[in-house]
Structure formats: C-alpha cells, structure tokens
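Report on the following structure.
Since every read-out is calculated from the coordinates, none of them should be taken as a lab result. Note that the structure is a prediction, hence the values are computed from the model and not measured. Reconstructed Cβ throughout: ideal geometry from the backbone, glycine too, with neighbour counts over all protein chains shown.
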Amino acid sequence: MSATQLSPTLYGRVSASQVETALEARRVRTQALAVLAADGLGAIGAGLKSLFGRIKTWNERRMTFLELDGLDDRTLADIGLSRGEIGQVAAGHYVRSPESRTPVVTTVQPANAAAFEAKAA
C-alpha cells in the first residue's frame, strides 16, 4: 500500500518507509488482539466447563438425595441406611468399612489444606 492509498492528504508528507512501518504496526497489533481474544475465549470456555461440571455434580447429588428420601424407613434399613445418613450418602461422604458393618463418615479436606497446616505450624 502506498502513501497515496493510505491517505491522499498525506501524499508528499510521509515517506514510503513510514507507511510500511505503520502498516506493519497495524498487522502486529491485529495479530496481538487476535491472540488476546482467543486466550480470553479459551478462559471463558474453561470457566463455563467448570460451571457446568459443578451444576452436573450438584444435580446428581440432588437426584440421589431425592431418590433415597423417597424410600420408606424399612427399605432404608434393608440397605443399611438411616434417614439421617441420606445427606451424607448423597454428598459422597458416606463410606462403609468393608471389615465391619458400621459406617464411617469421611471428612472433606479443603483444597488448600496444606496452607492451613503450614499456618498452624
């Protein structure tokens, strides 16, 4: 592109090398914006994937809770549960010890448990 094609009013005031420099700067800026847009869309996509994964997990737990809550006490006793344990089962915190018939409720460790332990020490 020549200086006259870029802007007829700049003809004679801008050298060809200045025009080429301006065009190269425009191309580089366009490429950088494209990379930023792609990275931004990737981050949004990852965020949406995480959000939908959490919604799916929540819905599975909700459906498990509703299904177990719909059973009568005798059926719950037949499968070794009491009504008070339904929430723990639905949340995935209920584990039955294989060597005994007594249930063991597991505790959930926070994602940054190591940071809490380091502060305590």
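Here are A38, A90, A77: which of them is exposed (fewer than 12 other Cβ atoms within 10 Å of the Cβ) and assigned to a helix (DSSP H, G or I)?
Values: A90 fails: exposed (fewer than 12 other Cβ atoms within 10 Å of the Cβ); A77 fails: exposed (fewer than 12 other Cβ atoms within 10 Å of the Cβ).
Criteria check complete, one pass: A38.
The set of residues in the stretch 45-82 being in contact (Cβ under 8 Å) with a residue 12 or more places away in the chain and basic (K, R) consists of R61, R62.
Residue count for the stretch 64-75 under the criterion of being farther than 17 Å from H93 by Cβ and hydrophobic (A, V, I, L, M, F, W, C): the result is 2.
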